[in-house]
Amino acid sequence: MRAAPYLALAALAAGLILAQGGAALAASTENGRHVFMRAGCWQCHGTMGQGGVAGPKLAPDPLPFDALSTFVRATNRAMPPYREEVLSDADLADLYAYLQSIPKAPDPKSIRLLNW
């Protein structure tokens, strides 16, 4: 009977530790935006992944993560490959979360100024 409060406290502590660990594994859109800028992705793909002269559109609706990851790691095209030593798996997951978070542009018909 005296052990019950200690067991409850231990269970609570274990739950908090596991919850923090799970949060650490979740992809961060904020860090992904930072990585996108720091790695120079914006120079070819635009600040919102909209594409540019040198790089294709990445967002909204990015490639599936596995396809993007494979391309980023092993490309032999104009884009240099970003090995894990340069761009960690966690940073790549965050970058992907950032690309997924970018909303679609509004339908031009819904923009009043364009339709008068």
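The values are calculated or read from the model by the stated rules, or taken from the named source; none is laboratory data. Everything quoted here is computed from the prediction, not taken from an experiment. With ideal geometry, Cβ positions are generated from the backbone for all residues, glycine too; neighbour counts draw on all protein chains shown.
Figure legend. Inter-residue proximity from region 43-55: first residues part of a loop (DSSP other than H, G, I, E, B), second residues hydroxyl-bearing (Ser, Thr, Tyr) and surrounded by 14 or more Cβ atoms within 10 Å (Cβ to Cβ), beta-carbon distance below 9 Å, spacing 6+ or different chains. Indicated pairs: GLY49/TYR98. For region 93-116, which residues satisfy the criterion of being free of Cβ contacts under 8 Å to residues at least 60 places away in the same chain, hydrophobic (A, V, I, L, M, F, W, C) and in a helix (DSSP H, G or I)? The answer is LEU113, LEU114.
Only residues that are crowded, with 19+ Cβ neighbours inside 10 Å and part of a helix (DSSP H, G or I) were counted across region 74-92, and they come to 2.
Here are ASP66, ASP61: which of them is out of contact with any His (no Cβ under 9 Å at 6 or more places or on another chain), surrounded by fewer than 13 Cβ atoms within 10 Å (Cβ to Cβ) and at positive phi?
Exactly one of ASP66, ASP61 is out of contact with any His (no Cβ under 9 Å at 6 or more places or on another chain), surrounded by fewer than 13 Cβ atoms within 10 Å (Cβ to Cβ) and at positive phi, namely ASP61.
Here the condition is being in contact with a helix residue (DSSP H, G or I) (Cβ under 9 Å, 6 or more places away or on another chain), under 24 Å from GLU30 (Cβ atoms) and of a type outside the set (Ser, Thr, Tyr); of LEU114, LEU58, it holds for LEU58 alone. Checked across region 102-115, the condition of being modelled with pLDDT of 90 or more and under 15 Å from the mean Cα position of the chain (by Cα) holds for at least one residue. Scanning region 93-116 for residues that are of a type in the set (Phe, Trp, Tyr) and surrounded by 15 or more Cβ atoms within 10 Å (Cβ to Cβ) gives TYR96, TYR98.
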